[in-house]
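Notes to accompany the following structure.
The values are calculated or read from the model by the stated rules, or taken from the named source; none is laboratory data. Bear in mind the structure is a predicted one, so any value in this text is a computation, not a measurement. Positions of Cβ are backbone-derived with ideal geometry, glycine not excepted, and every protein chain shown enters the neighbour counts. Side chains are part of the model used for accessible areas, which takes the heavy atoms of the whole protein and leaves out ligands, DNA and RNA. Shrake-Rupley method; radii C 1.70, N 1.55, O 1.52, S 1.80 Å.
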Amino acid sequence: MRDGPKISLHQEKDADFMTLCQTLQVTDEVCDRAWTIWKAVQASVDKVLDTQKRLWAACLFVAVIDLEVASFTFTQILKAVDLNVKQFLGLLKKMDVNLDTISTKVNSAVTRLEKKYDVSRALYQRFEKCCNVNNVLCSRGKEILRSCWTMFLLAKGRALQMEDDLVISFHLMVCVLEFFIRRCPPSLLQPHYQSVISTAQSPPTRTSRRNQSKAKPRQAPPEVDVQLLESLCKENDCSVEEVKSVYQTSFSAFLDSMSLSGTRDLPQATDLSKQYEELYFKSRDFDSRLFLDNDETLLTPKVELMPVERTPRKNLPEDVVLIPPQTPVRAAMNSIAQLRVDLITSGDQPSANLAVYFKNCTVDPTEEVLQRVESLGLLFSQRFGQAVGPRCVGLGKQRFTLGIRLYYRVMESMLKSEEKRLSVQNFSKLLNDSTFHTSLLACALEVVMATYGGEILQKPHSLTTDLCFPWILDVFQLTAFDFYKVIESFIKAEPSLNKDMVKHLERCEHLIMETIAWREDSPLFELLKRTREEGPVEQAEPPATLNQPLQHNHTAADLYLSPVRPSSRTLPAPESTAPPSSQPSALATHQTPRHPKSNSLSLFYKKLYRLAYMRLKMLYTQLLTSHPELEPIMWTLFQHTLQNEYELMRDRHLDQLMMSAMYAICKVKNVDLRFKTIVTAYKNMPNTNQETFKHVLIREGQYDSIIVFYNLVFMQKLKTNILQYASPRPPTLSPIPHIPRSPYKFPNSPLRVPGSNNVYISPMKSPTRMSPVMTPRTRILVSIGESFGVNKFQKINAMVNSSDRSLKRSLDMSSAPKPLKRLRFDVEGQDEADESKPAEDSRLIQKLAEIGTFVSGFT
């Protein structure tokens, strides 16, 4: 152990600060760096809520990360200042008063630490339930539980490179539970496990004395009790196939490394604890063994349960069974089970219908499709193993198989839709487009990976490995601009996607428009350059169209084939019912052919403008509601930048230009708004991270804060344009974009009947789409086409009649009854001001509401 800093060298520092440094045994370098950080933030932080000692500890933590010095563990610093994990991480966030207090390196370390803690906490809660921890009273039982949990932590740390992968970690826990249950004294086991083990370990047949000499030697116990493992999987809603794969690869290798393979004995608790300590001091984060002791450093409110419904519980029928809320582990297992059920009828080879589409092509793509799938499968499994662990390649293959099934299914659905739209069957050009296939497969795999990974998006500049978006783009070397073309069509073609997954894919689309599509090597810049060469008439998307509703009638075929819209100097192609892929490029003989204007670029900019305005409006609402006249001016500058100075977006983020435009207009209009205030409000917006304003490209290879970017890049590039807004004749204002509702409907979402808290209707699900989790819970769901007892109808009638009486009472007490059109289904995401609801939906709502019996800087 190293000695702490020498007091004689730090006379200018507070004595209590030096005592803390000595307690944590930090180096002189760390001590000096932490004190410098403290001097920079002490005037801005709230020292009433947080004592100096705790703030000093936070400064020491930041210093250790920045200097990359091996020092104290996270648990040691928590104990030194009497804080738990969440309290300390919250303190770090409060310390970030200036743009340079917390570096991106520290942000990445904190994000990794917080995610690992959340996963560990969720896993321990599941461990508690599986082992009935709170009811184990005998010392032997407690010792075995401690050994089991410690062995799991050790296996997770050694077998997995991504310890924050909830699903694989939980599968590994099931393997450890099987190992211990099989070796536990029967008296310590729950009755259910006793019966499973006794069935699997039936007594051996007695051998007569005459044949004793011929009896075979006693065989070693089997490496895994398959029946017990299957029982554990069933109890925890796990896939037996996936857990067996984890056992046969990662866990078996771990047992070999511990010399535990084939043994009937339980491992020694002291040996396990000693080996885990080596891992703990190497990682220098929190000691997960302390979960067993209810240690205060790890005690926080339990991981928030995910409610299945939020409607009132009053007036419930007596026989309704309450389904418990979902824990993170249970939610993950249910999502995976649902995905596997959805794909149970889909094959990992092209269906007969797809084969017909392939054969109808001018050039049959079958062989190329199969070869591409095989090569990408090998690449995917290899990269999965590199990210998760070398022994997890098999798990990667299993997930790829699910992705292949979804890929073929969505492709078939898309082609059927195109056939209906265009009345053709020859899709040769589309089906022989490699980018289309790779993008479609990547989208299918993203759905699979997000289902397994909790739909957590990787943050830009993150130093940790993440299997969620945009990881799949890097694996397939696929540009984000090409990938975005398939997202909307994919969602519309796959009705089994739940609301959360649709939102995830929409967020992927937004992330592409915000930053990923603007990477250095993106084809987007070449398209924009080509558009600029056409002259001022040819724009990616004319501003005049911004206030028009966004039409969602384009398909992936339109975007990948660039059925092109002729430029303004080109005669239009003759009308034809042929698909875009077979339309001739007809130009007048007297004209010079010009580059056609890309539909994919036009749609991209339409969506970009609307997203950009929504982000600006959100930030503006927090800061400048007292200056309504500035909003259209800020938007005009922002829109002008995206249209004419798009090079500023190269390797940057949309929000960086947004904040710069806001600050620039405030400066030129003499409105006092500091960049620090803008950044503080920005941090409260959804889908933001600190790297956006701390890690901005200044010039090649050089990054700095958003303030430096504004002064050295943004202002220098747009100075002339910005000053025009202070002149008597400012530029013409850009139209405010029309912000539509989400184009995606959620046909599988239950809809609440107006005037009733307890009655929902939901579309009938196919027999292969029966969800393992009932939603909304505790409610009676009626589905046309399914058998439904008379007593259920009577209960529904009673509830509706009761709701009608309540509604009438409320209307009688009101001076102005609300019109029936305001009685709408409570659908999340619906724009209450939008009166463009389809007539058929309105009639359905009206009918259900009327009848009582129904069926279902810094300056």
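Each Cα pair under 8 Å and six or more residues apart adds its sequence gap; the mean of these over the residue count of the stretch 353-514 is a relative contact order of 24 percent. For the stretch 351-426, the relative contact order is 36 percent, taking Cα pairs closer than 8 Å that sit 6 or more residues apart in sequence and dividing their mean separation by the residue count. In whole angstrom, the stretch 88-167 maps to an equivalent ellipsoid with semi-axes of 34, 15, 10, each derived as √(5λ) from the alpha carbon gyration tensor and ordered largest first.
What you get for the stretch 593-736, charging only the Cβ of Lys and Arg (+1) and of Asp and Glu (-1), is a dipole of about 280 debye around the Cα centre. Taking a threshold of 27 Å on the Cα-Cα distance, which of the pairs 282/397; 282/676; 39/86; 485/694; 282/503 fall above it? Over 27 Å apart, Cα to Cα: 282/397; 282/676; 485/694; 282/503. For residue 260, nonlocal amide neighbours, meaning residues 5 or more places apart or on other chains whose placed amide H falls under 5 Å from its own, do not occur. What a 1.4 Å probe finds exposed on the stretch 353-514 is 50% carbon and sulfur by accessible area, rounded to a whole percent.
Ordering 84, 19, 55 by Cα displacement along the dipole of the stretch 15-106 toward the positive end leaves 84 in first place; charges were set at the Cβ atoms of Lys, Arg (+1) and Asp, Glu (-1). Residues whose amide H comes within less than 5 Å of that of residue 698, counting only those at least five positions distant or on another chain, are 703, 704 (H built at 1.01 Å from N in the peptide plane).
Karplus-based coupling profile of the stretch 666-678, in residue order and whole Hz: 4, 5, 6, 9, 6, 9, 6, 9, 7, 4, 4, 5, 4, with θ = phi - 60° in 6.51 cos²θ - 1.76 cosθ + 1.60 and x standing for Gly or Pro. Backbone amide hydrogens, once placed in the peptide plane, bring residue 326 within less than 5 Å of 306, 308, excluding anything fewer than 5 places away on its chain. Using the Cβ-Cβ distance between residue 364 and residue 506 with R0 = 35 Å, the FRET efficiency computed as 1/(1 + (r/R0)^6) comes to roughly 0.50. For the stretch 15-106, relative contact order (Cα pairs under 8 Å, six or more residues apart, normalised by length) works out to 37 percent.
The Cα atoms of the stretch 15-106 define a convex hull whose projected area, averaged across directions, is 5.4 nm². The charge dipole of the stretch 15-106, taken about its Cα centre with unit charges on the Cβ atoms of Lys, Arg (+1), Asp and Glu (-1) only, comes to about 320 debye. According to the calculation over all Cα-Cα pairs in the stretch 353-514, the P(r) per 10 Å bin from zero is 10, 40, 35, 13, 2 %.
What the phi angles of the stretch 282-299 give under the Karplus curve with 6.51, -1.76 and 1.60, with θ = phi - 60°, is a coupling list of 6, 6, 6, 10, 8, 8, 6, 5, 5, 4, 5, 9, 6, 5, 5, 5, 10, 7 Hz, glycine and proline written as x. Converting phi to 3J(HN,Hα) with the Karplus coefficients 6.51, -1.76 and 1.60 and the offset θ = phi - 60°, the stretch 382-389 yields 5, 5, 4, x, 5, 7, 9, x Hz in sequence order, with x at every glycine or proline.
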